[in-house]
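The values are calculated or read from the model by the stated rules, or taken from the named source; none is laboratory data. Source: prediction; values computed, not measured. Here the Cβ positions follow ideal geometry from the backbone for every residue, glycine too, while neighbour counts run over all protein chains shown. Surface areas here come from the heavy atoms of the whole protein model, side chains and all, with no ligands, DNA or RNA. Shrake-Rupley method; radii C 1.70, N 1.55, O 1.52, S 1.80 Å.
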Amino acid sequence: MLDIRKFARNRILVSPSILAADFCELGRETDEVVASGAELLHLDVMDGRLVPNISFGVPVIASLRRRSCALFDAHLMIDRPLFYAPAFAKAGADHITFHVESSDDPDATIDRIHELGCTAGMSLKPATPAEALFPYLDKLEMVLVMTVEPGFGGQSFMADQVPKIAAFRREIVRRNLHCHIEVDGGIGEKNVGLVAANGANVLVAGTSVFRHPEGMARGVKVLHDAVGLLDSALSGARGEE
Ligand code: DX5
Ligand code: ZN
């Protein structure tokens, strides 16, 4: 099983969201994005309840698992993640993120995800403050900061979420936790520097990778290239400036 904990905190990881892929060409496009250097594959599952859209679920992930050896980063924008987590683990998710806005108990859900042999992440909508996740950080391998309202790909990046990234970075460094910070929504060339400079090290990108005019490899490289800014953010948060 692939494990997000093996990656250092000062490394940029790219997690292309397949929501921006051509679903008729899903196998080929996921192969291409992994060959382009993406370490993770971001799988956006939506139930039409927690978010106002429906995407795909277990059968799509199970089919991809038979084809791809990438680390599967499942983003469950669904209610009742505690109930559904086993099905996603069985389908092949390596990492499972659920939302604090869902109705299940966060501690029980994190424990269940770990029992299933996956790493656990929590996410929060733009209106939810970073502090809502602070009680769970010790147990999480990753937090996911939404930089759009979850539900749709191709939306504009919300710059007012950047202080939330910095708040997580400060808290994680202060408590010396090994918890990655992932950002999701409208990420691309224009804002990758800003999010990395504030401490995000796992970058979700749908449109800017799958639909990059110069090809997916270029879309992935642009994101990896922000690693220098991440380094300054980490030393800044440790008070080394
Ligand atoms: C939004 C999803 C995102 C989205 C990212 O609800 O969680 O992962 O698909 O797509 P872009 O990069 O196009 O905003
Ligand atoms: Zn997502």
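At a glance:
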{"read-out": "Area of Arg65 that stays accessible when all protein chains are in place (1.4 Å probe, Å², to 10)", "value": "60"}
{"read-out": "In nm, spacing of pseudo-spin labels at Arg11 and Ala87 (7 Å Cα→C-beta vector)", "value": "3.3"}
{"read-out": "Residue with peak Gaussian network fluctuation, the chain [Cα springs, cutoff 10 Å], from Ala132, Ala205, Ala226", "value": "Ala132"}
{"read-out": "Accessible area in square angstrom per residue, the stretch 154-241, 1.4 angstrom probe", "value": "44"}
{"read-out": "Net dipole in debye of the stretch 158-236 [+1 Lys, Arg Cβ; -1 Asp, Glu Cβ; about Cα centre; nearest 20]", "value": "160"}
{"read-out": "Residue of Met146, Met216, Met158 that the Gaussian network model of the chain assigns the largest fluctuation, springs spanning Cα pairs under 10 Å", "value": "Met158"}
{"read-out": "For the stretch 1-126, share of DSSP beta bridges that run antiparallel, in % to the nearest 5", "value": "5"}
{"read-out": "Interchain or long-range residues, amide H under 5 Å from Val145's placed H", "value": "Glu182, Val183, Asp184"}
{"read-out": "Rel. contact order, % - alpha carbon contacts under 8 angstrom, at least six apart, the chain", "value": "22"}
{"read-out": "Two-site label geometry, Arg238 and Lys139: point separation in nm, points 7 Å out along Cα→Cβ", "value": "2.9"}
{"read-out": "Most mobile of Leu116, Leu140, Leu43 in a GNM of the chain (Cα contacts under 10 Å)", "value": "Leu116"}
